[in-house]
Amino acid sequence: DGGITQSPKYLFRKEGQNVTLSCEQNLNHDAMYWYRQDPGQGLRLIYYSQIVNDFQKGDIAEGYSVSREKKESFPLTVTSAQKNPTAFYLCASSGSGRAFSDEQFFGPGTRLTVL
Amino acid sequence: QQQVKQSPQSLIVQKGGIPIINCAYENTAFDYFPWYQQFPGKGPALLIAIRPDVSEKKEGRFTISFNKSAKQFSLHIMDSQPGDSATYFCAASRARYQLIWGAGTKLIIKP
């Protein structure tokens, strides 16, 4: 059963703590993405990775960091430098390179609340 | 120039009606225009998409109308059903791997 998993579904953290959100895919996609979704706003791109060991900043990368050591995994760290981290975080994947596809497949999301 | 403006913010339609959601963009370099459907607590899923070389695309009850000169595109849902109640997002591709998203439309189909 191919898809994208994100864990946990809900995450609570104290202000000033770093937190890492997990994203795993078994779709054999090279490209992966992290988005932030706030009420009444569209999705905003945080980081994307076209291939293993490579990633680029999106529109709102400040206060976030990522790594891409494995094709299947693209974890996102929300650092204490992110001024307003409470949001719904979505991970996505797509084909890349020769197999590039505009269609992005999304995980179920992680709702992060910073207290 | 990098924005996609979506309207309305919310929409209530009777079952069987035809909800229409509109999006407008500025950048003529955008070359791919998808619509995504999102149910509460879930990630978005691609519904239908169009490229600027066609003016209309239909998939089942969903139709995209595209007006290149006006830089607008819209989603029509024929014979709408309560199960279509969801949030709909338009988007536009400014480059490979980079979608710009509208703010979303919360659609409610009343039985």
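The values are calculated or read from the model by the stated rules, or taken from the named source; none is laboratory data. Quick caveat, the model's predicted, so the values are computed rather than measured. Cβ placement follows ideal geometry from the backbone for every residue including glycine, while neighbour counts extend to all protein chains displayed. Note: accessible area is taken over every heavy atom of the protein model, side chains too, but ligands, DNA and RNA are not part of it. Shrake-Rupley method; radii C 1.70, N 1.55, O 1.52, S 1.80 Å.
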Study note, to complete from the structure: For chain B, the count of lysine pairs 8 or more apart or interchain whose alpha-carbon atoms are under 19 Å apart comes to 9
Exercise for review: Excluding residue A:6 itself, calculate the net charge of residues whose Cβ lies under 12 Å from the Cβ of residue A:6, where each Lys or Arg counts +1 and each Asp or Glu counts -1.
Suggested key: +2
Revision key, fill the gap. Debye calc, one equal point scatterer per Cα of the range B:34-76, no solvent, log10 I(q)/I(0) at q = 0.14, 0.23, 0.27, 0.29 1/Å comes to -0.35, -0.76, -0.93, -1.01
Point to revise | Proximal lysine pairs, chain A, alpha carbons under 19 Å, eight or more residues apart or interchain | key: 4
Revision key, fill the gap. Semi-axes in Å, largest first, for the protein assembly as shown (Cα gyration tensor, √(5λ)) are 30, 20, 16
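Hey, got the average number of other protein chain Cβ atoms within 10 angstrom for residues in B:102-108?
The shielding value for this peptide is 2.
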Review point. Whole-Å semi-axes of the range A:9-115's equivalent ellipsoid, largest first, each the root of 5 times a Cα gyration tensor eigenvalue?
Key: 23, 14, 12
Point to revise | Chain-alone versus full-assembly comparison, the range A:74-95, residues with accessible loss of at least 10 Å² (1.4 Å probe) | key: A:88, A:90
Review point. Under a Cβ-Cβ cut-off of 15 Å, what is the net charge of the residues other than residue B:105 that fall near it, where Lys and Arg count +1 and Asp and Glu count -1?
Key: +1
Practice item. Give me D for the range B:1-60 in µm² s⁻¹, whole number, from Stokes-Einstein with Rh from the Kirkwood sum over alpha-carbon pairs, 20 °C and 1.002 mPa s. Key: 156 µm²/s
Check your understanding: With point charges of +1 on the Cβ of Lys and Arg and -1 on the Cβ of Asp and Glu, referenced to the Cα centre of the range B:10-111, which listed residue (B:11, B:52, B:34) lies farthest in the positive direction of the dipole?
Key -> B:11
Study note, to complete from the structure: The Cα radius of gyration of chain B, divided by 2.2 N^0.38 Å with N its residue count, comes to 1.01
**Study point:** Average beta carbon contacts from partner chains per residue of A:33-40, 10 Å cutoff
**Key:** 3
Check your understanding: Can you give me the Cα centroid spacing of the range B:33-111 and the range A:101-115 in angstrom?
Key -> 18 Å
